[in-house]
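Throughout, read-outs are computed from the coordinates displayed, never taken from laboratory work. None of these values were measured; they are calculated from a predicted model. Here Cβ is always computed from backbone atoms with ideal geometry, including for glycine, and neighbour counts include all displayed protein chains.
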């Protein structure tokens, strides 16, 4: 019994030491799905969006969700609309939830189209431009970006800049 207990303690110590050593190299190793947007990529999207908003002279809220539609990163420019916080997050979640840009969703959700009324589902979806999918170089969706704070055209331009910046990291 004593040998068994000593062996058990040794195995436990080895597992703890090995896990601690691996955590130094990559503390999240094994805790995220491959093919999901990384924090570094999310920051690249946000920074590209902020740069585009700066070129436009607009104030934006920018949200990034992961492949599962969970908030990964968020940035609110000083002075950006408070209401745009929720709108940007919902744009990103809407794009990812339906695997299409919110601009494309708009066209399918107008009266007379088959997705009319979808904006009242899922605790509210956003059905106008500014939500874009983020894909890798193989076309796999790794997340989405949602932008709000200006016109639909400006929001869309900023969102596309963010998504394009992430795609460019794969080339």
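Is the range 22-116 best put as rounded, prolate or oblate by its Cα gyration tensor, with a ≥ b ≥ c the root eigenvalues, rounded for a/c under 1.5, and otherwise prolate when a/b is larger than b/c, oblate when not? Since a/c reaches 1.5 but b/c is at least a/b, the shape of the range 22-116 is classed as oblate. Highest mean first, the peptides 33-39, 49-55 sorted by other C-beta atoms within 10 Å per residue fall in the order 49-55, 33-39.
Sorting 89-101, 113-125 by their mean Cβ neighbour count within 10 Å, with the most densely packed peptide first, gives 89-101, 113-125.
If you plug the beta carbon distance of residue 171 and residue 107 into 1/(1 + (r/R0)^6) with R0 = 25 Å, you get a FRET efficiency near 0.25. The label point for residue 152 and the one for residue 47, both projected 7 Å from the Cα toward the Cβ, are 3.2 nm apart.
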